[in-house]
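The values are calculated or read from the model by the stated rules, or taken from the named source; none is laboratory data. None of these values were measured; they are calculated from a predicted model. In this analysis, Cβ positions are derived from the backbone assuming ideal geometry, glycine residues included, and neighbour counts consider all displayed protein chains.
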Amino acid sequence: MALLNLIARSSFYVLSYMFGLCCIAFIGYCLYVKYTHWKYDHIPGPPRVSFLFGHTSILLKAMREERVSHDLFLQWAEEYGPVYRINGLHLVIISVSCPEATKELLMSHKCLKDPVYKRMFSLFGRRFLGNGLVTAQTDDHWYKQRRIMDPAFSSLYLRGLMGTFNEMAERLMDKLGMLADSKTDAHMHRLVNSVTMDVIAKVAFGVDLDLLNHSDSPFPNAILLCLKGLMHHVRDVTFQYNPKNKKCVREVKEAIQLLRNTGAKWVNERKKAIQSGEDVPKDILTKIIKAANKEEHMDKEDEEQMLDNFVTFFIAGQETTANQISFAIMELARLPDILAQVKREVDEVLGMKQEISYDDLGKMGYLSQVLKETLRLYPTAPGTSRWLAEDMVISGVRIPAGVSCLFSSYVSGRLDKFFKDPLTFDPDRFHPDAVKPYYCYYPFALGPRSCLGQNFAQMEAKVVLAKLLQRFDFSLVPGQSFDILDTGTLRPKSGVMCTIKHRQTYTS
């Protein structure tokens, strides 16, 4: 009995000691949070909901209600100005919509990528984007990868992709023709998403998925799961520990494994083909492998980075382009005057011919304006962020170093101080002679870390839209919403359901 009492007392003392340490640690953490408040509270911003969690509950509520978080950022920018703070625990994010600061921080190497990108290394414990091109933190690390990737996106190489762009877009036209003949409504986002995924698989990795005719493919759902999982992972640090999210976390892990296993299979097959001297496609995968082989040192981590970039390109190479095309179709379908004008241009340039040339793309200036206006109103990758390593003054507000700066193209594109009647879809904003505000429009980010594939994406979008406008009349199915679904990227929530009819001017 004495021994049991001794053990009980010892356990009590240990637990009391541990509890005391936890209390001291919690008090210390609260003091640190208070210090960050003191350091940054001179910066305007919305009232914190709580001392510890700051504005986190507001953002999580918006996410649960499937609202666009950037609408909150826009509301706060209109209320608190071009510089305001957002608090969450000990972290502070500074939202910036000042053109001068946007130029200074995005157009140079002065600021590193925000440490939040490190959270994209893995997703719920599975390596996701790793140390790839998007998540690389240091300039040296990023530049090494960019040097490998650049040849795969040269203007000369992109010109050579026109055949594939045409081929995949023709498959969509065939599918739409079948839907028109059967008088079946078209889920435009789903169809376009299949095309853009087919394009990136073919031109980047030499694989023909033919998703328009193989609707049972696991890849579209895997990508959607990864994007949703990434959004929860970045915005809600407790998500994976909540038991009710167990199924979602498991499905996301399985989706990541599918993508990385697929990447490893395709990379290894291509490596063997190159080593054995076989004829291989001169696609992005071949260029990446050959360029990587020229590096002096290639270790296991470099091999993993090839898979990181496979996942990055496989997702980014189709997701944002599909969303942009879908939003453009949505706006054109409800704006008959703009639709008529862009159809006239397409008819003048293409006439009855099926094969669109690279030179044809340059002649369709109004279609380019439509695509640019689409990205102003619906930037499919709406934001980026940088780490402020030095003190800075932005719009007269002193910003102490050691903080994240958030730049939202969604916010800048919808502020009326930059764009008159910002919610009106008006392609003439991007007419060559129109006066344009600088450093307020950056759907592909700006500067050296801007999107490598932006020219690829816009060429592909032009080919798909031009063929659609040339061949078909389309109208929106009544009753659907025009809401935006925020999955980290922005996509049309309704899917853009359309009634499709053959154009008489093309079929006659």
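Taking the criterion of being in contact with a Phe, Trp or Tyr (Cβ under 6 Å, 6 or more places away or on another chain) and either surrounded by fewer than 22 Cβ atoms within 10 Å (Cβ to Cβ) or among the small types (Gly, Ala, Ser) (or both), the only residue of the stretch 171-220 that qualifies is ALA204. Of note, ILE24 does not satisfy the criterion of being aliphatic (A, V, I, L, M), within 24 Å of VAL397 (Cα to Cα) and at pLDDT 85 or above.
Taking (1) in contact (Cβ under 8 Å) with a residue 24 or more places away in the chain; (2) under 22 Å from ASN455 (Cα atoms); (3) part of a helix (DSSP H, G or I) in turn, ILE338 satisfies each apart from (2). Does any residue of the stretch 30-47 turn out to be modelled with pLDDT of 85 or more, assigned to a helix (DSSP H, G or I), among the polar types (S, T, N, Q) and out of contact with any strand residue (DSSP E or B) (no Cβ under 8 Å at 6 or more places or on another chain)? Within the stretch 30-47 (the criterion being modelled with pLDDT of 85 or more, assigned to a helix (DSSP H, G or I), among the polar types (S, T, N, Q) and out of contact with any strand residue (DSSP E or B) (no Cβ under 8 Å at 6 or more places or on another chain)), the answer is no, since none of the residues qualifies.
Here is the figure for the stretch 476-502: residues that are among the acidic types (Asp, Glu) and either buried (at least 20 other Cβ atoms within 10 Å of the Cβ) or assigned to a strand (DSSP E or B) (or both) total 1. Residue count for the stretch 239-252, restricted to those that are touching a residue at least 60 places away in the same chain (Cβ under 8 Å) and surrounded by fewer than 19 Cβ atoms within 10 Å (Cβ to Cβ): 1.
Any idea which of PHE53, PHE19 is modelled with pLDDT under 90, closer than 18 Å to SER404 by Cβ and surrounded by fewer than 19 Cβ atoms within 10 Å (Cβ to Cβ)? After ruling out the rest, the residue left standing is PHE53. Counting only strands (runs of 3 or more DSSP E) wholly contained in the stretch 367-456, no element carries 2 or more residues that are among the hydroxyl-bearing types (Ser, Thr, Tyr) and farther than 18 Å from TYR117 by Cα.
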